[in-house]
Amino acid sequence: MSKIEKALKILEENISMIFSVSEWAEAVGYKNTKNFYRHFRKHYHETPKSIIIEYKLMHIKKIMQKYPNEKFLFIAWEANFNDDHHLRQFVYTHTKKSLTDFHKTTIS
């Protein structure tokens, strides 16, 4: 299995620690982020950034499902966000839903 084929598994295992394409490229073993970006896009037909966002949203959903009654600050910390404000901002930016609406649709 090539480095680029291992990329998704590495992201999934380290989703709380990877925040940027450059961090992901380094975790996969690429010294040059542009090479990682190019190889990833050619192999998966999507940008690495879009996949990071998709995986982060899935990770947040899993945490919400595991802890449906927890406060958003706890969810933020579990997902490795600094606070619930950053979590709210991330969710709204990428889903156009408030964190409350995102939570409702996730746990229902």
Quick count over region 83-108, residues being over 19 Å from S50 (Cα atoms) and either modelled with pLDDT of 95 or more or surrounded by 15 or more Cβ atoms within 10 Å (Cβ to Cβ) (or both), is 11
Here the residues within region 56-76 that are of a type in the set (F, W, Y) and surrounded by 17 or more Cβ atoms within 10 Å (Cβ to Cβ) are F72
Exactly one of H94, H59 is out of contact with any Ser or Thr (no Cβ under 9 Å at 6 or more places or on another chain) and either touching a residue at least 40 places away in the same chain (Cβ under 8 Å) or of a type in the set (V, I, T) (or both), and that residue is H94
Per the filter on region 1-55, residues of a type in the set (S, T, N, Q), surrounded by 13 or more Cβ atoms within 10 Å (Cβ to Cβ) and either assigned by TED's automatic domain parsing to the domain that holds D83 or closer than 21 Å to T95 by Cβ (or both) are S16, T47
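The values are calculated or read from the model by the stated rules, or taken from the named source; none is laboratory data. Keep in mind that what you see is a predicted model, and the values were worked out from it rather than measured. We place every Cβ from the backbone using ideal geometry, glycine too, and count neighbours over all the protein chains shown.
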